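Student: Have a look at this one.
The values are calculated or read from the model by the stated rules, or taken from the named source; none is laboratory data. Please read all numbers here as calculations on a predicted model, not as lab measurements. Cβ atoms come from the backbone with ideal geometry, glycine included; neighbour counts cover every protein chain shown.
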Amino acid sequence: MANKVLILDDDADFNSLLTDIFEQADYEVTSIEDPLVAVEVFKDAHFDLVVTDHKMPEMTGTEFMKRVKEMRPKTPVIMVSGYLENDAIRDLISDGVGGVFLKPLNIFSLLERTNELLEEARKMDASAKAAPEVETTSNAGAASLDFRFRSFPCKADVSLSFAERLYNLRNFKSTLSLVGEPGMHYRTICEDIAGFYESKGEHFLYFDRTNFQAEKVVDQLNAAMGAGAERVTCVIEGPETFDAAQKKLAVDLPKGGGVFETFSVDLRAIFCVSGDLDSLFDEEVIDENLYILMGTAEVRVPPLRECANDIPVMAQKLAVDSFRELGKDSVPRIDQNAKEYLRKQPWNENYQGLRLVVRKAMELTPGDIITIDALLAASSGEKTVDEREQFMNELNRLGAEYIEAAWLLAGQDSQKTAAVFGTTASAVEQRLK
């Protein structure tokens, strides 16, 4: 029996093209141009796969996919679009999309991914039927949360618990410490925390050992207050690497002491620490004042080896970050064997190690499918620290801070900020993200 495919695209010509592609490949196709009609049709009929456009009137492809997943979570969905920002693609991957294809289409890749998704669905169905006596649960990951969380896909229980704990602690009064191993993506985690708040009065500022000096911190706080900040949360990464003056400054900030005595705005600090607090104190890496302060509300960041089911999704998101920069026409996808390989690695350098391997694998991949061979070649005998990448990351970070400071001074007006740099408001907003 032929597999049944629902195609949704409001562009009649492109809809017809998709229909021809799947019909010639022996699929049974139902073609619809109106997303509201498609929802009703999907309710009353069985489909093995859904292929949807993203930009449509009345309902986006993302909204349609969520309706589909609410009704039948196991139905695979492929998203097709003329253009998508990297952030949008990462969100789609987190929400469970099975494939993202940008126009003009690579027909071979589209049909190959379709076949893979249908085969994966068949295997899952067969496994469920083979063990009917075992009660199974489906973790929908970040999509099951009542808040947005992007730093972990939350397909593992430990990362899901981590996200929920952070959300429950979002209204901490003075300090919050994120304690993990080297290589964690603290900046992204703190951006998730910042996203918990809807008020324009909430401002987050980011510091590390390169810019955590009294003058620079005071300047950024003044800029935030000038932009209407009612509460400022200072994210302080790597306090264990600070000198004595910086450690004292870190203690003064959440207490409103020292140079911060004159600030009327509420000040909080999030400390991002690599290493066990007790060990750092015993080794005299942090002093008693900082140790007590950071221990007030401590949250352990789970290492990647404890979140095996998250790793393939995180790797796929990392591929999204680089595909345009590497000149690829479509978002590379990681095949099933490669996903299993990624799940089983210890990732001693956590997110940064995963990021480096995925980037190198993409450079070694001529097509748009990342295989286990490419991952093995990227992993074997390579340094885990790329000095050039570190340098470029530092330049990007400093550039982002410069633009953010100008944006705050411009009253969070993207148009005014764009005029300063001779660019567009959309380019400024993308850079701020």
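Here is a yes/no grid of residues against (1) at pLDDT 75 or above; (2) in the same structural domain as GLU325 (by TED's automatic domain parsing):
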site: ARG343; (1), (2): yes, yes
site: ASP373; (1), (2): yes, yes
site: TYR402; (1), (2): no, no
site: ALA406; (1), (2): yes, no
site: THR417; (1), (2): yes, no
site: VAL428; (1), (2): yes, no
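Student: Follow-up. For segment 164-177, which positions are under 21 Å from MET294 (Cβ atoms), free of Cβ contacts under 8 Å to residues at least 40 places away in the same chain and under 17 Å from the mean Cα position of the chain (by Cα)?
Tutor: Matches in segment 164-177: TYR167 only.
Student: Contact list please: Cβ distance under 6 Å, first residue in segment 10-27 and on the phi < 0 side of the Ramachandran plot and touching a residue at least 24 places away in the same chain (Cβ under 8 Å), second residue among the aromatic types (Phe, Trp, Tyr) and exposed (fewer than 15 other Cβ atoms within 10 Å of the Cβ), pairs at least six apart or on different chains.
Tutor: Pairs found: none.
Student: Touching a Pro at 6+ places or on another chain (Cβ under 8 Å) and more than 30 Å from VAL428 (Cβ to Cβ), is that true of LEU36?
Tutor: No; evaluated as a whole, the condition is false for this residue.
Student: Output the residues belonging to segment 86-115 that are among the charged types (D, E, K, R) and more than 15 Å from VAL50 (Cβ to Cβ).
Tutor: Correct list: ASP87, ARG90, ASP91, LYS103, GLU112.
Student: With a cut-off of at least 1 residues that are more than 20 Å from the chain's Cα centre (by Cα) and surrounded by fewer than 17 Cβ atoms within 10 Å (Cβ to Cβ), name the helices (runs of 4 or more DSSP H) lying wholly within segment 231-338.
Tutor: Answer list for segment 231-338: 244-255, 277-282, 288-294.
Student: Hey, ASP192 hits all of (1) closer than 28 Å to ALA406 by Cα; (2) surrounded by fewer than 16 Cβ atoms within 10 Å (Cβ to Cβ) but one; which does it fall short on?
Tutor: (2)
Student: Residues that are surrounded by fewer than 14 Cβ atoms within 10 Å (Cβ to Cβ) and among the small types (Gly, Ala, Ser), at least 3 per element: which helices (runs of 4 or more DSSP H) completely within segment 28-133 meet that?
Tutor: 107-130
Student: Something else: Taking the condition modelled with pLDDT of 85 or more, under 30 Å from LEU18 (Cβ atoms) and out of contact with any helix residue (DSSP H, G or I) (no Cβ under 6 Å at 6 or more places or on another chain), does ASN168 pass?
Tutor: no
Student: Here's a follow-up. Checking the condition in contact (Cβ under 8 Å) with a residue 40 or more places away in the chain, of a type outside the set (Lys, Arg), out of contact with any helix residue (DSSP H, G or I) (no Cβ under 8 Å at 6 or more places or on another chain) and assigned by TED's automatic domain parsing to the domain that holds ASP276, which residue from GLY195, GLY180, GLY238, GLY201 passes? Break it down stepwise before answering.
Tutor: Values: GLY180 fails: out of contact with any helix residue (DSSP H, G or I) (no Cβ under 8 Å at 6 or more places or on another chain); GLY238 fails: in contact (Cβ under 8 Å) with a residue 40 or more places away in the chain; GLY201 fails: in contact (Cβ under 8 Å) with a residue 40 or more places away in the chain.
After applying the criteria, what remains is GLY195.
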